[in-house]
Amino acid sequence: MNHSFWEIIWNASLVGKIVMIVLVVASLISWAIWYYYLKAFKQMKEDNRLFDNLGDPMRSADLMVMEHIYQNSSKFHFSPKARVFRNVYDQLIKFNEDLISSGKGDIFGPQNKISNDYMQRSVSSISIEFFLPHEKYRSYLATIASVSPFIGLFGTVWGIVDSFRGLAMGQGTLEAVAPGIAEALIATAAGLAASIPASIFFNFVSGRFQEYRSTMTAYGQDLINLFERVMAVGLKK
């Protein structure tokens, strides 16, 4: 008697069906998360491009240009570079306000230097804050990638045990034990089918996260150096 793939699944034991359902749901979740990240990375790239179109503060070193960029940067919520720029600029404004309120002049006054270490920690903090809402979905991918093979293995063991139970009851024909063995192998394949894409997605997303974090750190340091240079030029005028 021939058994099709769907007949084997349909006639599988209750435990076998539950294992299949869990793995199918896990696989759908990982693909949905992958689609979410594709949209998120596309939006980050597009917002970075639009933010760059506002102007390049590194070229002009002009406070008017920087103010223009700052006023318009809030439109690009998904741009890592815009978030870093606003954070560094906000810290500079706060530093200037503290100087004025304490009667020490402004950022162009003598001996008034921003703390490079403090600004770097601020950039690192905004990088963590920017990606924090996305981290939980990445952890789902890691969980699916690591747990799915074991769920599939459980289904495999259960199917083999079911087959041996049939042998113990005297049903020693291949036709009697083959469905249980087929069910076990399908569970193994389903576990791998859920795990492998999730693992690939996790590695890709982790790589992109690291790439954007490095970009944010480097851009933040460039901005800090730029503001220090602008302050020094302002002091000489």
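Values as computed for the structure displayed
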read-out	value
Residue among 214, 199 that alone is of a type in the set (Ser, Thr, Tyr), closer than 18 Å to residue 30 by Cβ and modelled with pLDDT of 70 or more	199
Evaluation of residue 190 against (1) within 33 Å of the chain's Cα centre (by Cα); (2) under 30 Å from residue 51 (Cα atoms); (3) modelled with pLDDT under 90 (one fails), failing number	(2)
Residues being buried (at least 16 other Cβ atoms within 10 Å of the Cβ) and either in a loop (DSSP other than H, G, I, E, B) or at pLDDT 75 or above (or both) - total across segment 113-130	6
Odd one out for residue 172, checked against (1) at pLDDT below 85; (2) out of contact with any Asp or Glu (no Cβ under 6 Å at 6 or more places or on another chain); (3) outside any loop (DSSP other than H, G, I, E, B)	(3)
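The values are calculated or read from the model by the stated rules, or taken from the named source; none is laboratory data. Because the structure is a prediction, the values reported are computed rather than measured. Cβ atoms come from the backbone with ideal geometry, glycine included; neighbour counts cover every protein chain shown.
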